[in-house]
Amino acid sequence: MTNDTKTVAVLGAGTMGSGIATVMARAGHCTILYDIDETNLKRGIDTVHGFFDKSVRIGKLDEAAGRAAKETLSGSTDLNDLAPCDVVVEAVFEDLALKKETFGRLDGIVSASTLFHTNTSTLPVTGIASGSRLPERVVGTHYCNPAPLMKLVEVADGRHTANWAHKATVEFLASLGKTSVVTKDRPGFIVNRFLIPWENSCIHALEAGWGTKESIDAAVLGALGHPMGPFRLLDIVGMDIHQQVATRLYEQLRDPRFFPPPMVERMVAAGDLGRKTGRGFYEYDDTRLFGS
Ligand SMILES: NC(=O)c1ccc[n+]([C@@H]2O[C@H](COP(=O)([O-])OP(=O)(O)OC[C@H]3O[C@@H](n4cnc5c(N)ncnc54)[C@H](O)[C@@H]3O)[C@@H](O)[C@H]2O)c1
């Protein structure tokens, strides 16, 4: 272990939590993935392992590095195991009361210098930070999905975030190979202000028959230089999450471009949430959350 190696916990082993845990383990940090649900925790760990196995298979990591990355990761369903953590990143459900309560409980477990990062997409960082007795340690860090592949992280301070916490956060993200973009504590930060209306317009285009999901994905891939098409991306994001984020932003911004198209509600009602349920716009044999 080097001086730069930290003990990091990621709360929530879903799409984002398992992606962020992959980033931490790949950087060599002693990483604890925590979830209240055993099944979700197991799937999150399988997803991280699957990512490193694939990285070895395709020659991006040598075998020793792949094994070492897997060994730095452990799973827990007991919050007390997080006591030694230098950094805690929460990626639990998008629920203000839950996020506040989680940070409040952690206050009594970790040291006063532990950084609290929240990966919220739509909730106020200031509101989440108010759940901690030390709101100065709380910083918004909004990772892009899939977190192991996307370099950008939006950094948003809450009203009481301290300079030391902001600075330590930007330095920590740089050590992970991430690029920080500093933004304000506002609904959707920067990325979702653009991304959500754009994803909605792609869904409207599909509903209107402008193209198939394959042709629209291919057009975006070929012409706009995106790493994947909108429907592949939505399948990774999760239709439930897209619906929730789009609806929350619509409620806050009152801009109709954010309102989710009817197809979203039908897919969520049918349980076609994307990779995590094996079917979204496309079908998947492997329901690990990304990477294999
Ligand atoms: N999906 C995306 O593309 C995306 C992108 C950026 C940010 N986000 C944000 O990241 C957060 C997580 O989103 P997700 O898509 O990973 O959700 P998800 O539904 O895939 O996973 C959430 C996980 O949190 C766990 N959980 C719930 N309550 C918990 C608790 N008290 N303690 C520990 N774990 C708990 C659940 O069991 C589940 O495994 C949300 O705030 C979301 O807005 C999502």
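The values are calculated or read from the model by the stated rules, or taken from the named source; none is laboratory data. From a predicted model like this one, the values you see are computed outputs, not experimental measurements. No Cβ is skipped: glycine too gets one built from the backbone with ideal geometry, and neighbour counts run over all protein chains shown. Please note that ligands, DNA and RNA were not included when accessible areas were found on the heavy atoms of the full protein model with its side chains. Shrake-Rupley method; radii C 1.70, N 1.55, O 1.52, S 1.80 Å.
The table below lists the values:
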read-out	value
Cβ-Cβ under 9 Å pairs, at least 6 apart or on other chains, the stretch 231-248 side without any contact (Cβ under 8 Å) to a residue 24 or more places away in the chain, far side open to solvent by 40 Å² or more (accessible area, probe 1.4 Å) and outside any helix (DSSP H, G or I)	Thr247/Phe259
Residue within the stretch 29-47 that is in contact with a Lys or Arg (Cβ under 6 Å, 6 or more places away or on another chain) and either closer than 30 Å to Gln252 by Cα or polar (S, T, N, Q) (or both) present	yes
Hits in the stretch 1-21 (condition: surrounded by fewer than 24 Cβ atoms within 10 Å (Cβ to Cβ) and away from the ligand (no atom under 13 Å from the Cβ))	Met1, Thr2, Asn3, Asp4, Thr5, Lys6, Thr7
Some residue of the stretch 151-169 being touching a Gly at 6+ places or on another chain (Cβ under 9 Å), more than 28 Å from Thr277 (Cα to Cα) and among the small types (Gly, Ala, Ser)	yes
Meets criteria (among the aromatic types (Phe, Trp, Tyr), within 30 Å of Ala270 (Cα to Cα) and open to solvent by less than 20 Å² (accessible area, probe 1.4 Å)) for Tyr250	no
Pairs with Cβ under 7 Å, 6+ apart, first in the stretch 171-187 and open to solvent by 40 Å² or more (accessible area, probe 1.4 Å), second among the charged types (D, E, K, R) and part of a loop (DSSP other than H, G, I, E, B)	Ser175/Asp4; Thr179/Lys151
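Okay, residues lined up against (1) within 25 Å of Arg288 (Cβ to Cβ); (2) without any contact (Cβ under 8 Å) to a residue 40 or more places away in the chain:
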{"site": "Glu63", "(1), (2)": "yes, yes"}
{"site": "Glu90", "(1), (2)": "yes, no"}
{"site": "Asp95", "(1), (2)": "yes, yes"}
{"site": "Arg105", "(1), (2)": "no, yes"}
